[in-house]
1. I need the per residue convex hull volume for the range 141-205, using only the alpha carbons, in cubic angstrom as a whole number.
2. Which value at 222 nm does the chain reach when only helices count, each DSSP H run of 4 or more adding -39,500 (n - 2.57), with the total divided by all residues and rounded to the nearest 500 deg cm²/dmol?
3. Residues in the range 81-97 near a label at residue 179, defined as backbone nitrogen under 20 Å from the 7 Å Cα→Cβ point?
4. Starting from the 7 Å offset along Cα-to-Cβ, what nm value, one decimal, do you get for the label separation of residue 79 and residue 51?
5. Using the Cα gyration tensor of the range 1-79, with a ≥ b ≥ c the square roots of its eigenvalues, what is the shape: rounded (a/c below 1.5), prolate (a/b larger than b/c) or oblate (neither)?
6. Return a whole-number percent for the relative contact order of the chain, with Cα pairs under 8 Å and 6 or more residues apart as the contact set.
7. Normalised by the residues of the range 1-70, what does the relative contact order come to in percent, with Cα pairs under 8 Å and at least six apart?
8. Only bridges whose two residues both fall in the chain count here: according to DSSP, what percent of them are antiparallel, nearest 5?
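Values quoted throughout were computed directly from the atomic coordinates according to the rules given, and no laboratory measurement underlies them. Bear in mind the structure is a predicted one, so any value in this text is a computation, not a measurement. Please note: Cβ atoms are built from the backbone with ideal geometry, for glycine as well, and neighbour counts cover all protein chains shown.
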């Protein structure tokens, strides 16, 4: 059974640089035989977590959160994944507000009486697109990686990359921050960013294979 990778885009711009960069990762994954699925958060109604603690002991199989919006659909997609990618544009030197709101709603997988621990040992890849080569990229990755760690996931990191923390792309040509009206998808020309995406996906696959091997051995011993 092939591994499944779910990519989450937190950009409000359809088919913009972040979506395109995420598509690069997903296309590479498909070439390696993975099952792929992409979620665009802008297409879903996602309310802010109100910290009501419903998720601690009132969860049901089809309802992990008290809020009645579209997030249950996304919860179930994440559960089906071996690898999860958080992809965000860099806003104000950090991940986007859309991604931050979504991450807050993942609390259901920490304490939930039904869903608690269901993301444990899944592999997380952080992906970001900034205007400048170093303009807020690592703080964006740290936002995602802190979420992965809090969820007991395993971040995929790679030193064979621009940043060890995550796949890092730029939307201005060469990351110089110079506006050119002829360049709409500068991330497509960012060879270093594309190579970073490949490196982090390779590491995620390595980790997934290790986790799967350990799980298989544990089941045999039981």
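1. Values: hull volume 5.8 nm³, N = 65.
In the range 141-205, the Cα convex hull volume per residue is 89 Å³.
2. Values: 7 runs with 85 residues, N = 222.
Computed ellipticity for the chain at 222 nm equals -12000 deg cm²/dmol.
3. Hits in the range 81-97 for residue 179 at 20 Å: 89-93.
4. About 2.7 nm separates the two model spin labels.
5. The shape class here is oblate.
6. Details: 446 pairs, mean separation 44.8, N = 222.
Relative contact order of the chain: 20 percent.
7. Details: 70 pairs, mean separation 23.0, N = 70.
Reported as a whole number, the value is 33 percent.
8. Details: 4 of 28 bridges.
Restricted to the chain, the bridges split so that about 15 percent are antiparallel.
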